[in-house]
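What follows is calculated from the coordinates using simple rules that are stated; it is not laboratory data. Predicted model only: the values in this text are computed from it and were never measured. FYI the Cβ positions are ideal-geometry reconstructions off the backbone, even for glycines, and counts take in every protein chain you see.
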Ligand code: 5RP
């Protein structure tokens, strides 16, 4: 019988810093120069953290609220972020390489399902490494559905990206995907994030949860959090602050930024938490000041 993971039964070494051997990105000390260069465009060397803007929702949801016009909605937010996370279609049609050239690209490379389907896990690799290179991507992002009907297929998708990425020094970000009926417990997130890291992903994206520090402590690569459904701005900032305080290396937020009452103020408030160590209260004050 496999060992069941419960927080009480494990020693996660909470409070003991990750044993880094010099490079500022967790788990990446032993990679080659190109991989480290791309990771350094994503995770800012000064803070070790990243602010990604996720706007890939259209790949299975269509024109989500706040993203009806990618050409109008995204460019005003670009100055405040480190990484654009989107599909190649969105990037090529709506984002200027001239004005966003200093931003890293997290390229959505898996797809295959839509909101019309019950099982969202039936995905494939939809972008090959040549096009990722052509897009000047800094990492490839693929969903992994642990515990879903197509778990193995999504692990194969991730593995294809990791194998191809290793040949050219391009990181892969494994995205913990929670299907409509899947649980969101610390135990589940510890399992999924650790599996994805051990498959070779250099970055893991997941959701914030209780006991989050046990998730970040037991995952040997950096974790960034998704924002999830729109929350009132103070709650979104508190979630962000807690995630960073409990070991996240950044956020990959979408709806809680572009659906905020004032997206440009919100992205700056989130940036304050991620890079300037603002508390959630300080970030909320900043948000209120900026939206005046
Ligand atoms: C879906 C994704 C999305 O990019 C992400 O979840 C969207 O961000 P948010 O939840 O903050 O709107 O990776 O798996």
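Nearest 0.05, what FRET efficiency do residue 119 and residue 288 give at R0 = 51 Å with Cβ-Cβ as r? It would help to have the intermediate numbers written out before the result.
Numbers: r = 42 Å, r/R0 = 0.83.
After rounding, the FRET efficiency stands at 0.75.
Can you give the relative contact order of segment 171-255 as a percent, counting alpha carbon pairs under 8 Å and 6+ residues apart?
Dividing the mean separation by the residue count of segment 171-255 yields 28 percent.
Determine the distance separating the Cα centre of segment 262-285 from the Cα centre of segment 201-220; give it in Å without decimals.
22 Å
So what's the back-of-envelope 222 nm ellipticity for the chain, counting only DSSP H runs of four-plus at -39500 (n - 2.57) apiece and dividing by all residues, rounded to 500?
Helix-only estimate at 222 nm: -11000 deg cm²/dmol.
Looking at the P(r) of segment 1-132, how many percent of alpha-carbon pairs lie beyond 22 Å?
55 percent
State the extension gain, in nm to one decimal, for the chain segment bounded by residue 78 and residue 32, taking 0.36 nm per residue of separation less the distance between their alpha-carbons.
Result for the pair: 13.7 nm of gain on full extension.
I want to check the label-to-label distance for residue 46 and residue 14. Put each point 7 Å from Cα in the C-beta direction and report it in nm to one decimal.
In this crude spin-label approximation the distance works out to 3.2 nm.
Among the DSSP beta bridges whose two residues both lie in the chain, what percent are antiparallel, rounded to the nearest 5?
Taking every DSSP beta bridge with both residues in the chain, the antiparallel ones total about 5 percent.
Between segment 182-198 and segment 131-161, what is the separation of their alpha carbon centroids in Å?
Between the Cα centre of segment 182-198 and that of segment 131-161, the gap is 16 Å.
Quick check on the chain: what does the Kirkwood estimate of hydrodynamic radius come out to from the alpha carbon pairs, in Å?
Numbers: mean 1/r = 0.0525 Å⁻¹.
Its Kirkwood hydrodynamic radius stands at 19.1 Å.
Return the tail of the calculated pair distribution for segment 107-163, meaning the percent of Cα-Cα pairs more than 19 Å apart. Each step should come with its number before you reach the end.
Numbers: 442 of 1596 pairs.
Every Cα pair in segment 107-163 considered, those over 19 Å come to 28 percent.
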